[in-house]
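The values are calculated or read from the model by the stated rules, or taken from the named source; none is laboratory data. All values derive from a computational prediction rather than experimental measurement. Counting neighbours? That spans all protein chains shown, and the Cβs are built from the backbone with ideal geometry, glycine included.
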């Protein structure tokens, strides 16, 4: 127990917070439900068993539709909290508090002050405890001691209290970084005589869950947009409109708006048709308001989406583009932004980057410099400065105009001030040091007293540079961050010319070789408005200025720049923004295309828009729970929606088996598709070599997908490694691996298979390094434990290389990605034939469709094919196509696997099951062993021979490993002081002699000088 004191300022803040109105502090209903769970309830996996009904496919009413998701959501939250509590340890994010005080007007609400601001933990730092920085909607456990294990929660009834971090604009400005308002699940007894410290232990963040909860709340939903939702739950209304096609619509729409763009992007027929269907539904109320685009792997889904968004931008149709994850929405945004950098498109579409905005969590989205131009927080920061009423663009325009017309008078003022400063300096020298110090504090400008007066040319250049930098920044912001409707085409041209002229005039001043008098004469003449030159003339003059005399170019450049600034400031009328909140609302209210995750789009419910959003596009829609897709669908104004996805790939992640069985993870895309809603299929794949695409196409897509011309071209075949195992498609059987659980028992790994994958990567890297061939490789596995093990073994070996890149991820992490070579580590290797969720066809489909040129699957044939599932089909198919191979048939892999078996002590089962690996004949014993000598260590997969004489039990292997197996007497071994150690016994030999001419088959434990490795 600790005692602390806080400053008076902190106490004042806490006292103010005590008087907050109860109405302003209200936690969501689902949080209140969580607070009612006891610790026993949390760890009871069957708490809601029998209470979570299966979600139907068709609903009777809006109330029936929305309420169907409440119980599954509660159970999923219950499972999420349980899983977080189960893994509490010393490394769980934790922060210490020094002050917890009750807010009397609100029951169970408290203010907390942290001991210190948490430091961001280093990535992959598993040694130290991770610091916790409380965030809005966090659920935490408040404890008196720092937890070491989950058992710390159950010491006594007061071991922990659940808490919820509350955010409210009424008090947010009163708090500093160390202060937070929280709600606790029950009353906290606080000592009045001292301040007791507590620990806040992070469990989970509830942001998305709360947003879903509010979206399925019937009363809240009735106050939102139900245009599409009313038609979705009553599927009959959609079926009636399915037969209406865009073919009945006038063709002038297509010809006038998008046909040229469609031709430019070399779209195939299925892509064109999908785009036209989606655009056409805007014109007819009779058409279905929701369209489904089925995008199997490699069929150009992202290209189709970006082209559709470009057409919507051209049509000035306000659109919200969403995706389930940060990675997915950033990918779509990046692709569109890349398209918009095309000069031809810039001319045709007539847009500003200010018409596009992306918002969300910057660190999680990993926003780079390019996307920073359209990322909301970065744009708000720029606009907040540029559109400030007092010191915004008008201020900088005024400074430059004033300088161009009054530079000489400003210089005279500067000289006069300098003379006064010199006079002040002399007076200060006559006084004592104390008085001198006081004078300096009163007049900061006295610091410049020692600088000599600048000549006019230096003064003009320094002032111009200062004003020009701020002015250039402002014009850049106005051009790029303002939506196009706030800038006329004429003004845009003026600003672009002004940017060029600002730079040119600076160069003129730098290179000007003339007297101060001549330069003053240039600036003395005041440009008259009557002398205004047409914009076309100024533009034409820009290149000609360099050929004029020094005096003429200065005069002309100054006059033209002044006229441009006057013209721009007169015609430009962007709004004045008082603060960042106003800037944020301005961006969201005026952007044509808005990008965010489906969850983050909830923020748009609180943004009032005169011109509301009309169109919703959801990428990876099959990965989005239907209840979560309601968040963007309920946004005011949305009339049409396009869902793009593939229900044959990964669905949404669901932790609770009870909720999973209820259909909680089902997407709207999947439900509508199962009810017969028409899907527009993208039917040409451009990613996979035909050998790779054959099995997925046959088993997941009914052979409806065609291979593109690019993958059919013979040049698409890559022979990165020699040997029959390394064709474009192969199943590489490895029966010597053994699966094992990680320390938490939550995931599986197979170290022998990991070693095999790493050895293949090593060979690919050598090829890339020797040939300077750009090569991207991915290792994909269904189990996180396998991913962690491989990453741990590889380390940073392949990071930041010019020609070679390697990604090691789970199947979930690879969805949407592609690499030249994919190595699929299946992990499962057991006698029972259990494959876990590897049997899931959707998961398998994702893993099998990430490779462009080569897909090599590592697995245990016996385990994977023991039951009739997708894997037994795959192995049969591989054998029929002569794509099935044994890893031991490749000499390099054989050595690597054998070495790994010894390293991970997995010889027991391998050698008992494969006794042929041990060959003892002709007085020769073939082994592989490790020897330590001279301080070094080397691997010797070779043999030894010699005269055993009377050593009948020499090299006797543990009975556990080889029951009853011994070496023959007089096996011709020369003995030396070397130990052969097994877990059961040790036998000393002498005069060991190596025979380098023989290559050994591994069959014994490793031998080392005096120790067992």
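Some values worked out for this structure:
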{"quantity": "Strands (runs of 3 or more DSSP E) fully within the stretch 612-718 counting 3 or more residues that are under 25 Å from residue 208 (Cβ atoms) and at pLDDT 95 or above", "calculated": "615-618, 640-645"}
{"quantity": "Selected residue (criterion: farthest from residue 143 (Cα to Cα)) from residues of the stretch 84-98 that are in a helix (DSSP H, G or I) and touching a strand residue (DSSP E or B) at 6+ places or on another chain (Cβ under 9 Å)", "calculated": "84"}
{"quantity": "Flag for residue 601 being in the same structural domain as residue 228 (by TED's automatic domain parsing) and under 26 Å from the mean Cα position of the chain (by Cα)", "calculated": "yes"}
{"quantity": "Residue check, residue 279 closer than 23 Å to residue 816 by Cβ, in contact with a helix residue (DSSP H, G or I) (Cβ under 8 Å, 6 or more places away or on another chain) and either modelled with pLDDT under 90 or part of a helix (DSSP H, G or I) (or both)", "calculated": "no"}
{"quantity": "Hits in the stretch 473-513 (condition: in a loop (DSSP other than H, G, I, E, B) and loosely packed, with under 14 Cβ neighbours inside 10 Å)", "calculated": "488, 513"}
{"quantity": "Within the stretch 202-221, tally of residues that are modelled with pLDDT under 95 and in a strand (DSSP E or B)", "calculated": "0"}
{"quantity": "Residues within the stretch 795-812 that are farther than 15 Å from residue 776 by Cβ and in contact with a helix residue (DSSP H, G or I) (Cβ under 9 Å, 6 or more places away or on another chain), tallied", "calculated": "4"}
{"quantity": "Subset of the stretch 695-713 [surrounded by fewer than 18 Cβ atoms within 10 Å (Cβ to Cβ) and either in the same structural domain as residue 266 (by TED's automatic domain parsing) or under 31 Å from the mean Cα position of the chain (by Cα) (or both)]", "calculated": "710"}
{"quantity": "Check on residue 162, surrounded by fewer than 19 Cβ atoms within 10 Å (Cβ to Cβ), at pLDDT 90 or above and within 27 Å of residue 40 (Cβ to Cβ)", "calculated": "no"}
{"quantity": "Condition check for residue 706: without any contact (Cβ under 8 Å) to a residue 24 or more places away in the chain and farther than 30 Å from residue 77 by Cα", "calculated": "yes"}
{"quantity": "Residue among 740, 753, 818 that alone is in contact with a strand residue (DSSP E or B) (Cβ under 7 Å, 6 or more places away or on another chain), closer than 18 Å to residue 830 by Cα, surrounded by fewer than 22 Cβ atoms within 10 Å (Cβ to Cβ) and at pLDDT 90 or above", "calculated": "740"}
{"quantity": "Residue in the stretch 716-724 that is crowded, with 22+ Cβ neighbours inside 10 Å, touching a helix residue (DSSP H, G or I) at 6+ places or on another chain (Cβ under 7 Å) and in contact (Cβ under 8 Å) with a residue 60 or more places away in the chain present", "calculated": "no"}
{"quantity": "Looking only at the stretch 453-472, and only at residues there that are loosely packed, with under 14 Cβ neighbours inside 10 Å and in contact with a helix residue (DSSP H, G or I) (Cβ under 8 Å, 6 or more places away or on another chain), the one that is modelled with the lowest pLDDT", "calculated": "455"}
{"quantity": "Among residues of the stretch 595-611, those that are outside any helix (DSSP H, G or I) and surrounded by fewer than 24 Cβ atoms within 10 Å (Cβ to Cβ), counted", "calculated": "6"}
{"quantity": "Hits in the stretch 359-376 - residues which are assigned to a helix (DSSP H, G or I) and crowded, with 18+ Cβ neighbours inside 10 Å", "calculated": "365, 371, 376"}
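Residue-wise test of (1) touching a helix residue (DSSP H, G or I) at 6+ places or on another chain (Cβ under 7 Å); (2) closer than 30 Å to residue 264 by Cα.
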position: 305; (1), (2): yes, yes
position: 322; (1), (2): yes, yes
position: 334; (1), (2): yes, yes
position: 352; (1), (2): yes, yes
position: 386; (1), (2): yes, no
position: 391; (1), (2): no, no
